[in-house]
1. Assuming GLU50 fulfils every condition listed in (1) farther than 24 Å from MET24 by Cβ; (2) open to solvent by 90 Å² or more (accessible area, probe 1.4 Å); (3) not basic (Lys, Arg) apart from one, which condition is it?
2. Check off (1) closer than 23 Å to VAL99 by Cα; (2) modelled with pLDDT of 90 or more; (3) in contact with a Pro (Cβ under 9 Å, 6 or more places away or on another chain); (4) not β-branched (Val, Ile, Thr) for ASP11 and give me the number that stays unchecked.
3. Among the candidates VAL63, VAL115, VAL99, single out the residue that is farther than 22 Å from LEU9 by Cα, exposed (fewer than 15 other Cβ atoms within 10 Å of the Cβ) and among the aliphatic types (A, V, I, L, M).
4. So, in segment 18-47, how many residues would count as being in contact with a His (Cβ under 9 Å, 6 or more places away or on another chain) and surrounded by fewer than 17 Cβ atoms within 10 Å (Cβ to Cβ)?
5. Considering every residue within segment 5-17, establish whether at least one is open to solvent by 70 Å² or more (accessible area, probe 1.4 Å), without any contact (Cβ under 8 Å) to a residue 60 or more places away in the chain and of a type in the set (Gly, Ala, Ser).
6. Does ILE74 count as farther than 29 Å from GLY100 by Cβ and surrounded by 15 or more Cβ atoms within 10 Å (Cβ to Cβ)?
7. So, in segment 31-59, how many residues would count as being among the hydroxyl-bearing types (Ser, Thr, Tyr) and out of contact with any helix residue (DSSP H, G or I) (no Cβ under 8 Å at 6 or more places or on another chain)?
8. Cβ-Cβ under 7 Å, sequence separation 6+ or interchain: first residue in segment 74-94 and closer than 18 Å to THR30 by Cα, partner open to solvent by 60 Å² or more (accessible area, probe 1.4 Å) and part of a helix (DSSP H, G or I). Which pairs?
Amino acid sequence: MKGFNQSQLIDFYERAKIIAAFCMRGSERTPIEAVLRGVVLITNSCQSAEDERDFPVPKNNFVHPSMGNTIETITERVLNNFSSEQAKYGKMRALYLKVGSETLAADTRCFIEAVETSESNLEKVSQV
(Lines give C-alpha, C1' and ligand atoms only; values in the text may rest on other atoms or scores of the structure.)
Protein backbone atom coordinates (compact mmCIF):
# COMPACT_ATOMS: atom_id res chain seq x y z
CA MET A 1 0.00 0.00 0.00
CA LYS A 2 1.51 3.25 -1.10
CA GLY A 3 0.68 6.84 -0.33
CA PHE A 4 -0.53 6.33 3.24
CA ASN A 5 1.21 7.49 6.39
CA GLN A 6 1.32 5.28 9.51
CA SER A 7 -1.79 6.73 11.16
CA GLN A 8 -3.77 6.43 7.91
CA LEU A 9 -2.74 2.78 7.60
CA ILE A 10 -3.80 2.03 11.17
CA ASP A 11 -7.15 3.71 10.53
CA PHE A 12 -7.56 1.71 7.32
CA TYR A 13 -6.77 -1.59 9.07
CA GLU A 14 -9.15 -0.82 11.92
CA ARG A 15 -12.01 -0.20 9.48
CA ALA A 16 -11.23 -3.12 7.15
CA LYS A 17 -12.57 -6.64 7.51
CA ILE A 18 -10.70 -8.40 4.71
CA ILE A 19 -7.37 -7.99 2.95
CA ALA A 20 -6.37 -10.02 -0.10
CA ALA A 21 -2.68 -10.57 -0.81
CA PHE A 22 -1.46 -12.99 -3.46
CA CYS A 23 1.96 -14.51 -4.20
CA MET A 24 3.45 -13.18 -0.98
CA ARG A 25 7.23 -13.11 -0.81
CA GLY A 26 9.17 -13.10 2.44
CA SER A 27 7.70 -11.27 5.38
CA GLU A 28 4.90 -9.30 3.84
CA ARG A 29 4.38 -6.30 6.07
CA THR A 30 0.91 -5.20 4.96
CA PRO A 31 -0.92 -8.54 5.50
CA ILE A 32 0.82 -9.06 8.84
CA GLU A 33 -0.04 -5.55 10.07
CA ALA A 34 -3.63 -6.00 8.90
CA VAL A 35 -4.05 -9.35 10.65
CA LEU A 36 -2.60 -7.87 13.84
CA ARG A 37 -5.40 -5.27 13.66
CA GLY A 38 -8.09 -7.96 13.27
CA VAL A 39 -8.39 -8.08 9.49
CA VAL A 40 -8.96 -11.48 7.84
CA LEU A 41 -6.35 -12.41 5.22
CA ILE A 42 -7.37 -14.08 1.97
CA THR A 43 -4.47 -15.39 -0.08
CA ASN A 44 -3.41 -18.14 -2.45
CA SER A 45 -0.87 -20.93 -2.21
CA CYS A 46 1.76 -19.04 -4.17
CA GLN A 47 5.21 -18.57 -2.62
CA SER A 48 5.52 -17.69 1.09
CA ALA A 49 1.83 -18.01 1.95
CA GLU A 50 2.14 -21.80 1.90
CA ASP A 51 4.69 -21.77 4.71
CA GLU A 52 2.63 -22.16 7.87
CA ARG A 53 5.65 -21.20 9.97
CA ASP A 54 5.39 -17.63 8.63
CA PHE A 55 1.75 -17.47 7.61
CA PRO A 56 -0.53 -19.74 9.67
CA VAL A 57 -3.52 -18.90 7.48
CA PRO A 58 -6.62 -21.13 7.66
CA LYS A 59 -6.60 -23.31 4.54
CA ASN A 60 -10.20 -22.43 3.72
CA ASN A 61 -9.05 -18.83 3.17
CA PHE A 62 -6.79 -19.84 0.28
CA VAL A 63 -8.22 -19.10 -3.16
CA HIS A 64 -8.47 -22.31 -5.23
CA PRO A 65 -10.94 -21.59 -8.08
CA SER A 66 -10.71 -25.13 -9.43
CA MET A 67 -11.95 -26.38 -6.05
CA GLY A 68 -14.77 -23.83 -5.88
CA ASN A 69 -12.91 -21.68 -3.36
CA THR A 70 -13.05 -18.33 -5.15
CA ILE A 71 -12.37 -14.93 -3.67
CA GLU A 72 -16.11 -14.27 -3.90
CA THR A 73 -17.12 -17.40 -1.96
CA ILE A 74 -14.44 -16.81 0.68
CA THR A 75 -15.43 -13.15 1.04
CA GLU A 76 -19.09 -14.05 1.48
CA ARG A 77 -18.27 -16.70 4.11
CA VAL A 78 -15.94 -14.35 6.01
CA LEU A 79 -18.40 -11.46 6.04
CA ASN A 80 -21.27 -13.71 7.12
CA ASN A 81 -19.21 -15.24 9.97
CA PHE A 82 -16.74 -12.48 10.69
CA SER A 83 -16.17 -13.06 14.41
CA SER A 84 -15.48 -16.77 14.02
CA GLU A 85 -13.34 -16.21 10.90
CA GLN A 86 -11.36 -13.49 12.66
CA ALA A 87 -10.74 -15.80 15.63
CA LYS A 88 -9.04 -18.34 13.31
CA TYR A 89 -6.12 -15.90 12.98
CA GLY A 90 -5.21 -16.09 16.66
CA LYS A 91 -2.18 -18.26 15.86
CA MET A 92 -0.87 -15.75 13.31
CA ARG A 93 -1.47 -12.80 15.65
CA ALA A 94 0.31 -14.63 18.49
CA LEU A 95 3.25 -15.42 16.19
CA TYR A 96 3.83 -11.79 15.22
CA LEU A 97 2.95 -10.20 18.55
CA LYS A 98 5.93 -11.95 20.13
CA VAL A 99 8.35 -10.60 17.51
CA GLY A 100 10.51 -7.79 18.82
CA SER A 101 14.07 -6.56 18.87
CA GLU A 102 15.22 -9.53 20.99
CA THR A 103 13.69 -12.17 18.72
CA LEU A 104 14.93 -10.39 15.59
CA ALA A 105 18.45 -10.23 17.04
CA ALA A 106 18.31 -13.95 17.93
CA ASP A 107 17.07 -14.83 14.43
CA THR A 108 19.86 -12.73 12.88
CA ARG A 109 22.52 -14.45 15.04
CA CYS A 110 21.15 -17.85 14.06
CA PHE A 111 21.24 -16.90 10.36
CA ILE A 112 24.82 -15.59 10.59
CA GLU A 113 25.95 -18.74 12.41
CA ALA A 114 24.35 -20.89 9.71
CA VAL A 115 26.11 -18.91 6.96
CA GLU A 116 29.46 -19.10 8.77
CA THR A 117 29.06 -22.87 9.30
CA SER A 118 28.15 -23.33 5.66
CA GLU A 119 31.17 -21.29 4.51
CA SER A 120 33.44 -23.25 6.87
CA ASN A 121 32.14 -26.55 5.50
CA LEU A 122 32.70 -25.35 1.93
CA GLU A 123 36.30 -24.40 2.77
CA LYS A 124 36.92 -27.87 4.25
CA VAL A 125 35.50 -29.56 1.18
CA SER A 126 37.57 -27.42 -1.18
CA GLN A 127 40.75 -28.32 0.76
CA VAL A 128 40.21 -32.04 0.19
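The values are calculated or read from the model by the stated rules, or taken from the named source; none is laboratory data. Just so you know, these numbers come straight off a predicted model, no measurement behind them. Here the Cβ positions follow ideal geometry from the backbone for every residue, glycine too, while neighbour counts run over all protein chains shown. Surface areas here come from the heavy atoms of the whole protein model, side chains and all, with no ligands, DNA or RNA. Shrake-Rupley method; radii C 1.70, N 1.55, O 1.52, S 1.80 Å.
1. It is condition (1) that GLU50 fails.
2. Failing condition for ASP11: (3).
3. Details: VAL63 fails: exposed (fewer than 15 other Cβ atoms within 10 Å of the Cβ); VAL99 fails: farther than 22 Å from LEU9 by Cα.
Sole residue among the options that is farther than 22 Å from LEU9 by Cα, exposed (fewer than 15 other Cβ atoms within 10 Å of the Cβ) and among the aliphatic types (A, V, I, L, M): VAL115.
4. Total satisfying the criteria: 1.
5. Within segment 5-17, one or more residues are open to solvent by 70 Å² or more (accessible area, probe 1.4 Å), without any contact (Cβ under 8 Å) to a residue 60 or more places away in the chain and of a type in the set (Gly, Ala, Ser).
6. yes
7. So the first thing to find is which residues in segment 31-59 are among the hydroxyl-bearing types (Ser, Thr, Tyr), and the list is 43, 45, 48.
Subset that is out of contact with any helix residue (DSSP H, G or I) (no Cβ under 8 Å at 6 or more places or on another chain): 45, 48.
Summing the residues that are among the hydroxyl-bearing types (Ser, Thr, Tyr) and out of contact with any helix residue (DSSP H, G or I) (no Cβ under 8 Å at 6 or more places or on another chain) in segment 31-59 gives 2.
8. As it stands, the answer is ARG93/LEU36, since those pairs meet every condition given.
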